[in-house]
Ligand SMILES: *Cc1c(COP(=O)(O)O)cnc(C)c1O
């Protein structure tokens, strides 16, 4: 068969019914101890399954599926999206090294850099997400990793990944990407020069707001280095959770299409509201990241932000507290709509954030678009009533 299209791959990858009594989905293996038949097998570790933490046929199935969808060489699983970020960074950095970290990065990733990496003698420098090939000016002989997140998951700047990768590779630097926003479906990291791609599997791959997991996928050159540290620090993922993610992946394409459609419709509607100063969504024509998004991405997920025009805290609370369909909570990528206030001014050091109004991050869930808009419309009425 010729190379499978993505929607076919999503159905066929990471399963082998013939090897499992014809059963469609891979079985869940719970394992710590794995027995070896002979002394020779113990000494040479020739069998594919050696110890629970090192993976079972259940974890191998998900690893294969994510590696295929991301277009990478192989994938390792971790206990959360954040631990995928920290494990990847620990694998490629040592005392004396210099890390270039994007200023729009997920805040807990920034916290790890500032509070743990620095403690181990790594120097961390933040850069403007819009820097492109200008990153060359920041490269030092000891720069070992350039970390990207595109678009940034609060402020949605799209990075010029191919331009950054070109500079990085000319200088022997590893390029990492937190690819959670696009998921493996809408941005192909390895076709754009990324060496190490990270997913917060917790988000769309799981898709049902109940599992914490991360993945690290690399190209062939980066694999051994990453896996050595992943194994050394004891990363693994739990079998029942792995099963839930394998199940979630089968509907990823169908779900994402709907998240995208509803997200764009909500963003367009919000853009025309008098209470809204600005919408931050790269799939909207006119967004500063739109041209790059169009060049490099094949879709958008349901996550975007808006900046409100300045209003009182009381009016903001009236808007948010009364919403019925948009829950207020962290994380995203599940079936339900969410909204959460964000404070980008407190999460940046290399670039400023001068906006006066409150930033709200929305996740467009799978509900009816008319109901979602009605919920927001009622919210804006409460906001206006509280201001007058
Ligand atoms: C949520 C998130 C993470 C962390 O994932 P957890 O599973 O919550 O640890 C990392 N990066 C991005 C962009 C995220 O949105």
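Bear in mind that the values in this text are calculations on the coordinates, not laboratory data. What you are looking at is a predicted structure, and each value in this text was computed from that prediction instead of being measured. For neighbour counting, all protein chains shown are included, and Cβ atoms are generated from backbone atoms with ideal geometry for every residue, glycine included.
Comparing the chain with the 2.2 N^0.38 Å rule of thumb, its C-alpha radius of gyration ratio is 1.03 (two decimals). Based on DSSP H segments of at least four residues, each scored -39500 (n - 2.57), the chain has a per-residue ellipticity at 222 nm of -10500 deg cm²/dmol.
Extension gain for residue 228-residue 140 works out to 29.1 nm (0.36 nm per residue, less the C-alpha to C-alpha distance). From least to most packed, judged by other beta carbons within 10 angstrom and beginning with the fewest, 190, 112 follow the order 190, 112. Ordering of 263-269, 215-221 by packing is 215-221, 263-269, highest average first (other Cβ atoms within 10 Å, averaged per residue).
Centroid-to-centroid, using Cα positions, segment 326-388 and segment 115-187 are 27 Å apart. Taking the DSSP beta bridges with both ends in the chain, the antiparallel portion is around 55 percent. By the count of other C-beta atoms within 10 Å, a proxy for reagent exposure, 131, 23, 66 are ordered fewest to most as 23, 131, 66. Figure legend: label point modelled 7 angstrom from the Cα of residue 240 along Cα→Cβ; residues of segment 3-37 with amide N under 17 Å from it are 27-32. For the options 283, 355, 165, a Gaussian network treatment of the chain with springs between C-alpha atoms closer than 10 Å singles out 355 as fluctuating the most.
Does anyone have the angle between helix 239-249 and the longest principal axis of the chain? Alpha-carbon axes, 0 to 90°, nearest 10? Orientation of helix 239-249: about 60 degrees from the principal axis. Of the two radii for segment 216-273, the radius of gyration is 1.23 times the Kirkwood radius, both from the alpha carbons; that is the Rg over Rh value. Sorting 143, 38 by the number of Cβ atoms found within 10 Å of their own Cβ, with the fewest placed first, yields 38, 143. In degrees from 0 to 90, rounded to the nearest 10, what is the angle of the helix 252-271 Cα long axis to the longest principal axis of the chain? Computed tilt is about 20 degrees. Cut-off 10 angstrom, C-alpha nodes, Gaussian network model of the chain. Which of 30, 230, 98 fluctuates the most? Of 30, 230, 98, the most mobile in the Gaussian network model is 30.
For segment 277-388, report the % of Cα-Cα distances exceeding 20 Å. In whole percent, the share of Cα-Cα pairs in segment 277-388 beyond 20 Å is 47. Axis angle, to the nearest 10 degrees, between helix 161-170 and the longest C-alpha principal axis of the chain: 50 degrees.
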